[in-house]
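Below: one structure, written as structure tokens.
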Amino acid sequence: MSIDTVSAPPLYTTPALDRKAPAVLQLVPHFDGGGASRLALEIGGAVVAAGGRAFLASESALVSTHELPRMGVKAVEMKLASRNPVTNFNVARRVARFATENKIDIIHAQSASLAVIGHGAAKKSGCRLVTTFHDGPANVHNLSKRSLAAFAESDLVVTLSHATAEEIAKAVPSLGSRLSVVPYGIDLTRFDPTQVTAPRVVQLANQWRVPDDLPVIMAPAAFERGKGQSLLLEALALIRDLDLRCIIVGPETDGGAYRAQLEKEIVQHQLQDRVLMAEEVKDMAAALMLADLIVAPYLEPATYNRVIIEAQALGRPVVASDFPNAREVLEGSSMAWLTPPGDAMALGWAIRDALSLPLDEREARTGQVIDNLRQRADRLVMTDNMLALYGHLVSADQAA
């Protein structure tokens with residue numbers, strides 16, 4: 001069940017170019033701190049750092065967050081989400097007008113749902129169109145015909161995993177070389193175990209009343225059914241003989257309805273003294289360092305499994321559902337356990353197996369896990385690859 005040695009997929013690389021830094025307008029459905037928002041922020045900051053101009057359009061009220069001006073990214077509040085074709089047409093016209101007035105080179109739709117709007121706006125304004133598909137490979141088959149058509153006419157389609165790219169290539173074979181993989185990268189200075197101070201970890205331990213003598217497993221994810229928190233509770237009920245503390249932490253996305261259901265299930269499984277439901281935490285690096293094991297029992301495949309990446313950067317063992325993208329992200333790790341999605345018994349056995357790893361053995365493997373991850377998921381490599389792809393598009397326009 002443990003993954004030992006499997007070679008990592010290669011990163012997209014490109015030769016250095018003497019190129020003008022572009023002006024990029026990114027379209028994000030909701031700037032909510034999720035994966036797409038974080039990715040857009042990182043790319044926007046890299047564009048600015050390279051001497052270009054970056055704009056981030058979203059209809060969320062959070063576009064005024066302090067991180068945007070700090071990184072030099074300009075926020076544009078704009079209504080983007082709609083299923084009405086007439087509304088989408090009008091939104092595309094507004095995006096095109098903004099792109100023309102601000103001399104945008106590239107419109108980057110950070111969502112398949114915005115590909116149609118991005119395509120219409122790029123066509124009207126004469127901009128290049130880049131679309132990023134954030135969902136897992138299984139979701140490719142759920143794309144509408146209009147979204148697939150927008151993908152087919154994009155100047156570049158980007159995915160974060162090779163497994164997803166393979167499915168898109170099957171669905172839109174005409175993309176050819178216009179389909180690229182840019183693996184998700186994180187800030188390795190933030191998720192560095194040597195930089196996470198003991199007082200930060202102790203503060204969280206005291207806040208959550210974590211016992212010193214019990215192993216801690218943590219499931220960091222939004223409170224959504226597809227993240228598998230209910231399955232985790234079922235698995236914990238099956239390993240009741242194992243003394244541990246489980247912390248389920250993350251943001252609510254439905255007003256608290258699913259969280260309330262989980263609280264009832266905790267009582268039903270008699271896990272009140274073993275499971276803590278915690279609020280979303282800002283210091284995720286300290287939270288992960290507090291845990292002896294990170295669990296991602298997803299029922300649906302995620303694209304890049306950000307928490308799994310962050311956990312490995314800190315040298316933490318990981319138990320995750322065996323989806324293609326999770327396997328891709330965990331390849332090469334000596335402290336990874338993959339279990340069949342939805343199988344509570346297998347999940348329980350994996351948790352037991354991971355926690356039974358002797359402390360000296362775990363410490364010996366920690367360095368390997370960190371080094372393996374650093375070679376595969378560096379934010380700077382991710383943004384450099386994205387800038388290189390932007391540069392190819394701008395260079396092609398200049399040559400034309």
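The values are calculated or read from the model by the stated rules, or taken from the named source; none is laboratory data. Given the structure is predicted, the values throughout are model-derived calculations rather than measurements. FYI the Cβ positions are ideal-geometry reconstructions off the backbone, even for glycines, and counts take in every protein chain you see.
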What is the one condition in (1) surrounded by fewer than 23 Cβ atoms within 10 Å (Cβ to Cβ); (2) within 25 Å of the chain's Cα centre (by Cα); (3) at pLDDT 90 or above; (4) not in a helix (DSSP H, G or I) that Lys103 does not satisfy?
-> (2)
Whichever residue in the stretch 191-202 is more than 10 Å from Leu290 (Cβ to Cβ) and of a type outside the set (Gly, Ala, Ser) and, among such residues, is surrounded by the most Cβ atoms within 10 Å (Cβ to Cβ) | Phe191
Per the list (1) in contact with a Leu (Cβ under 7 Å, 6 or more places away or on another chain); (2) without any contact (Cβ under 8 Å) to a residue 40 or more places away in the chain; (3) among the charged types (D, E, K, R); (4) more than 18 Å from Arg225 (Cα to Cα), residue check on Asp322 breaks on (4)
Checklist (1) surrounded by fewer than 22 Cβ atoms within 10 Å (Cβ to Cβ); (2) part of a helix (DSSP H, G or I); (3) not aromatic (Phe, Trp, Tyr) applied to Val329, failing item = (1)
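So if I check each of Ser177, Ser161, Ser230, Ser125, which one is among the hydroxyl-bearing types (Ser, Thr, Tyr) and either at positive phi or modelled with pLDDT under 90 (or both)?
Ser161
Tell me which residues, restricted to the stretch 344-391, are among the hydrophobic types (A, V, I, L, M, F, W, C), surrounded by fewer than 14 Cβ atoms within 10 Å (Cβ to Cβ) and touching a residue at least 60 places away in the same chain (Cβ under 8 Å).
Met345, Leu380, listed by residue number.
Of everything in the stretch 247-293, what is acidic (Asp, Glu) and within 30 Å of Glu361 (Cα to Cα)? Give them in sequence order. If you could, list the steps in order and put the result at the bottom.
So the first thing to find is which residues in the stretch 247-293 are acidic (Asp, Glu), and the list is 252, 254, 263, 265, 273, 279-280, 283, 292.
The answer is Asp273, Asp283, Asp292.
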Note on Thr197: of the conditions (1) of a type in the set (S, T, N, Q); (2) modelled with pLDDT of 95 or more; (3) under 24 Å from the mean Cα position of the chain (by Cα), unmet is (3)
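Residues that are among the β-branched types (Val, Ile, Thr) and at pLDDT below 95: list the helices (runs of 4 or more DSSP H) wholly contained in the stretch 343-400 that include at least 1 such residues. Even if it seems obvious, please write down each step before you answer.
Numbers: elements: 344-355, 359-374, 379-399.
Here the list reads 379-399.
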Given Ala235, Ala287, Ala260, Ala311, which one is touching a Leu at 6+ places or on another chain (Cβ under 7 Å), part of a helix (DSSP H, G or I) and without any contact (Cβ under 8 Å) to a residue 24 or more places away in the chain?
-> Ala311
Residues of the stretch 227-280 satisfying the condition of being of a type in the set (D, E, K, R) and under 19 Å from Leu293 (Cβ atoms) | Lys227, Glu234, Arg240, Asp241, Asp243, Arg245, Asp273, Arg274
Those helices (runs of 4 or more DSSP H) lying entirely in the stretch 120-232 with at least 1 residues over 30 Å from Arg316 (Cβ atoms) = 145-152, 162-171
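Picking from Leu179, Leu214, Leu156, Leu175, which residue would you name as being touching a His at 6+ places or on another chain (Cβ under 9 Å) and either in contact (Cβ under 8 Å) with a residue 12 or more places away in the chain or farther than 26 Å from Ala311 by Cα (or both)? Walk me through it before giving the result.
Working: Leu179 fails: touching a His at 6+ places or on another chain (Cβ under 9 Å); Leu214 fails: touching a His at 6+ places or on another chain (Cβ under 9 Å); Leu175 fails: touching a His at 6+ places or on another chain (Cβ under 9 Å).
Exactly one of Leu179, Leu214, Leu156, Leu175 is touching a His at 6+ places or on another chain (Cβ under 9 Å) and either in contact (Cβ under 8 Å) with a residue 12 or more places away in the chain or farther than 26 Å from Ala311 by Cα (or both), namely Leu156.
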